[in-house]
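What follows is one structure encoded as structure tokens, with my remarks underneath.
The values are calculated or read from the model by the stated rules, or taken from the named source; none is laboratory data. Source: prediction; values computed, not measured. Every residue, glycine as well, gets a Cβ built from its backbone with ideal geometry; the counts of neighbours run over all protein chains shown. When the accessible area is computed, the model is the full protein with side chains, heavy atoms only, and any ligands, DNA or RNA have been set aside. Shrake-Rupley method; radii C 1.70, N 1.55, O 1.52, S 1.80 Å.
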Amino acid sequence: SCCSADSHTDNHEAKKRLGHVTVVVVGGTGDLARKYLWQGFFQLYADQIGKGHTFSFYGGGLSPTEKGTPLLFGILKELACPPELSAERCTLVKDQFLHLSKYHQLKTTEDYEKLSQQIKQQLGQEGMVEAGRLFYLSVPAFAYADIAEKINNTCRPPSDAWLRVVLEKPFGHDLYSAQALDKKLSDQLKEKEMYRIDHYLGKKVVSKILPFRKENKKLLDPIWNKHHIERIEIVLKETLDAKGRIQFYDQYGVIRDVLQNHLTEVMTLMLMNLPANLSNSMEILQNKLNFLASLQHVDNSNAVVGQYQAYNGEVQEELNKTKDYFSLTPTFAGVVIHVDNAQYEGIPIFMTSGKALDERVSYARVLFKNDVFCIQDPNNVQCKSKQIIFYLGHGNLQYPAILISKNLFKPELVSSGDWKEVTEYKDVNVLGLPLSDYYIQSPVTPREAYCELISHVFFGRKDSFISAEGLLASWAFWTPLLEGLSRVFPRVYPGGEANGNLLNFQLQGHQVAFSHEAVVNIINPGAKDNFQVMQGKYRSSEMVSAWAQELVERLASDLLLAAEEAIREEGQFHLALSGGSSPVALLRALALNLYTFPWRNTHIWQVDERCVPHTETGSNFRSIHDLLLQHIRIPYFNIHPMPVHLTQRLCVEEDGGPALYEKEINKHVNGSSFHYILLGVGQDGHTASLFQDTKLENDEERLVILTESPIKPHQRMSLTFTAINRARRVGVLIMGKSKHELVSQLSRIKGESSKYPITKVQPKTGTLIWYIDYDALLG
């Protein structure tokens, strides 16, 4: 049957647990219970008859008994028979199941106390030993903590029986709320008692990913890496919309609903290190955590979002919003993820899901580089795509399967009895190849995921569920992207076939963008249409202004010209970069678009650094490394981080960090005169790490000093104005509406002002250029 006994449980454990099991479905007359849960428990019961357990089933709800009882039995009478039972046998088993089932109002603490009394009474009357209690919380997540507290205080079984509490997603809506929920739940329940369900882990193909990798280890090991894999795609497309679920959906959106959980789990199972023992759930968990920790940070530049056209109207209707209300909740997302380890670096992982798309299908595909060049007969299987597809169902194929293209290898089929090789091919194509070009493995009897997982809860198999650590690691990865997207307008798409190529997205370097421009009717064209790049004067120096993207592109090309000129004259280019948020967009542009930049002859220096280890996220060098250095080919010897971390301590005067950096500058940089220094400006007018009250009188000849910042981390190392003003060129980049007030103030000040350190930037013989975007200039 669907819930057959599990091979992962040894007999000794099973014997230990024999006795009476009480199942309580809280929310037992709700939608999920009606569609999936009672069917799963019925099949579990059918499977366990005569194997030493006895059962009682309670459907709990907020309604009083006289209202809830007919609702529950209406659901139970509709249950389908497990396929292995004859009609006659099924009638008998179903009658027994209904006889053992009961509705119980579960609203107050007293209700839970009454339930506990009833369980004890039944056990006492019938002289039964208690094996355990299984609570399935099929309720909104905000009720979890309260119900967990009631279970803990009133419904715990004796210490020799188990307690298992099943929780449905969502487990929070970002890292902070997930941590708060975890704290509340762990005050009431032990981690081993909590079973957080991700129904994808109950899908046969998903639970087969690790065994498949293990069975074919010899064949996969040589090719499961960046030298052979071209890309990975993890896809869940739906034709349904969110109508009727808006109350829930509008708070979450597609990334929280599907990507953060289901698709991240699939990715993890595909790419984590294979555990030595597939039934060791602790080892599996540790390998999952190690993989999640190796993912590169994702932000807005790695994702695109969309929203189907009718969605906003549905929100206005279902949430009683006015006609001028606009929801930014995405119903479609495309994200490209990269892994920061030697095995997978550089492989793009395309992860996407959406509602109101052209077909219902879900799969994960590994596409390999094809190193064969075919002189003739391009239809020969050797010339076609090499791929492995974990196909979860629907789409062209209609059944779950693992497909391996025949030009790759013939996979092992370990005779476990529940998987078979498919040899009869329908006349369909799956992802570019006819079925006859694949070796296909499929489950003998496809089973409902909930049914599979209910069986795993019953047998105490934790590896099919989400651990607290795994959950928080996934949220830690996704939360920065979600925060960044919270202010982004999703692209509107019509829904279904009419979407055409509107949602196609592509990778440019590490950045993601829609492949096609959306046709938008601009009702009132803004200033954006009226300006291109402008040149002018600001504080009696040259100024370049444009919208952010054009400005950054212009600055990048100016840097390229400066680099080429310096290398022609001196053979090398010395560039000093400041920290803070200003240069982020520039570093991205340099890393991704300027392939002609002469990095081999470029030396990169720091204008300033925070006194934290370079490996920490607050470090300016870490930011330069993550945004730029790891994407370009620059000789190791040409990178000059500020020495803030000497003799295992940070920025201590006696360690002489500034003098060391000064010595290095004098050694490499002709006349200590950098070819280009790029600065930003803080809202308080500071630049580099030179602040309003930084004392410089005694350091007139010094190039590098330690300074104090008014904001944390307070200690900094910085180039001095002496070093900055010796440069051949100084660029000051100012971007964003938050800097508009500052730009206005500075334009009114003539010459130097001690209040605004940036005004002390006055190159002696070099040139100063201000790069100011329109948001900062015009507000």
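Taking the chain as the reference, fit the longest principal axis to its C-alpha atoms, fit the long axis of helix 87-99 to the helix C-alpha atoms, and give the angle between the two in degrees, 0 to 90, nearest 10. On a 0 to 90 degree scale, this one is about 80.
Divide by every residue of the chain the summed helix terms, -39500 (n - 2.57) for each DSSP H run of at least 4, and state the resulting mean residue ellipticity at 222 nm, rounded to the nearest 500 deg cm²/dmol. For the chain, the value works out to -9000 deg cm²/dmol.
Considering only N670, F691, P446, and ranking their Cα positions along the charge dipole of the chain that arises from unit charges at the beta-carbon of Lys, Arg, Asp and Glu, the one farthest toward the positive end is P446.
Neighbours of N216, meaning other residues whose beta-carbon lies under 13 angstrom from its beta-carbon, give a summed charge of +3 when Lys and Arg score +1 and Asp and Glu score -1. Between the alpha-carbon centres of the range 246-279 and the range 638-675 there is a gap of 45 Å.
Label positions at H516 and M128, each projected 7 Å from the Cα along the C-beta direction, are separated by 6.1 nm. Compute the Cα gyration tensor for the range 534-778, then decide on rounded, prolate or oblate, letting a ≥ b ≥ c be the square roots of its eigenvalues: rounded whenever a/c is under 1.5, prolate when a/b is larger than b/c in the other cases, and oblate in all that remain. Rounded. All Cα-Cα separations within the range 19-168 were binned at 10 Å from zero, giving a P(r) of 11, 42, 37, 10, 1, each value a whole percent of the pairs. The listed peptides 580-587, 94-101, 30-37, ordered by packing as a protection proxy, come out as 580-587, 30-37, 94-101 (highest mean of other Cβ atoms within 10 Å first). Note on the chain: with charges restricted to the Cβ of Lys and Arg (+1) and Asp and Glu (-1), its dipole about the Cα centre is near 440 debye. Placing +1 on the Cβ of every Lys and Arg and -1 on the Cβ of every Asp and Glu, with nothing else charged, gives the range 230-277 a dipole about its Cα centre of roughly 80 debye. Considering only beta bridges that DSSP places wholly inside the chain, some 50 percent are antiparallel. Here the range 534-778 exposes an accessible surface that is 50 percent carbon and sulfur, computed with a 1.4 Å probe and the other protein chains kept in place. When only the Cβ of Lys, Arg, Asp and Glu is charged (+1, +1, -1, -1), the dipole of the range 534-778 relative to its Cα centre reaches about 320 debye. As a fraction of the 1.4 Å probe accessible area of the range 201-512, surface on carbon and sulfur atoms comes out at 49 percent.
For M735, the solvent-accessible surface with a 1.4 Å probe is about 50 Å², rounded to the nearest 10.
Charge tally around G27: other residues with Cβ under 11 Å, Lys/Arg +1 each, Asp/Glu -1 each, net -1. Estimated at the nearest 10 Å², the accessible area of F465 is 10 Å² with a 1.4 Å probe. Place a label point 7 angstrom from the Cα of S486 along the Cα-to-Cβ direction, then list the residues of the range 273-303 whose backbone nitrogen is under 16 Å away. What the label zone holds, given the 16 Å backbone N cut-off, is 299-300. Taking a sphere under 9 Å around the Cβ of L240 and counting the other residues whose Cβ falls inside, with K and R at +1 and D and E at -1, yields a net charge of +1. The order of the peptides 135-142, 149-156, 602-609, 705-712 by mean Cβ neighbours within 10 Å, most packed first, is 602-609, 135-142, 149-156, 705-712. A probe of 1.4 angstrom, applied to the heavy atoms of all protein chains, finds H686 with accessible area near 40 square angstrom.
With R₀ set to 30 Å, the beta-carbon distance separating Q121 from F142 gives a calculated FRET efficiency near 0.40. By accessible area, using a 1.4 Å probe on protein heavy atoms only, the range 19-168 has 53% of its surface on carbon and sulfur. Taking a ≥ b ≥ c as the square roots of the eigenvalues of the alpha carbon gyration tensor, the range 635-686 is oblate, as a/c is not under 1.5 and a/b does not beat b/c. Sorted into 10 angstrom bins from 0, the C-alpha pair distances of the range 632-779 split as 10, 37, 36, 15, 2 percent. Which FRET efficiency value, to the nearest 0.05, is calculated for D427 and N504 with the Förster distance at 25 angstrom and r the Cβ-Cβ distance? Efficiency, from the Cβ-Cβ distance: 0.35. Full extension of the chain between R600 and K190 gives 142.0 nm of extra length, using 0.36 nm per residue less the Cα-Cα distance. A simple spin-label model places the labels of Q343 and Q692 5.4 nm from each other, with each point 7 Å out along Cα-to-Cβ.
Heavy-atom accessible surface of the chain, averaged per residue, reaches 46 Å², computed with a 1.4 Å probe.
Of L481, L679, F458, whose Cα points farthest to the positive end of the dipole of the chain (charges on the beta-carbon: +1 Lys, Arg; -1 Asp, Glu; origin at the Cα centre)? Checked the options; the winner is F458. Taking +1 at the Cβ of each Lys and Arg and -1 at the Cβ of each Asp and Glu, which of Q382, A589, G509 sits farthest along the dipole of the chain towards its positive end, judged by Cα position relative to the Cα centre? Sorting the options by dipole projection puts first Q382.
How high is the FRET efficiency from D111 to Q745, r the C-beta distance, R0 56 Å, rounded to 0.05? According to the calculation, E is roughly 0.30.
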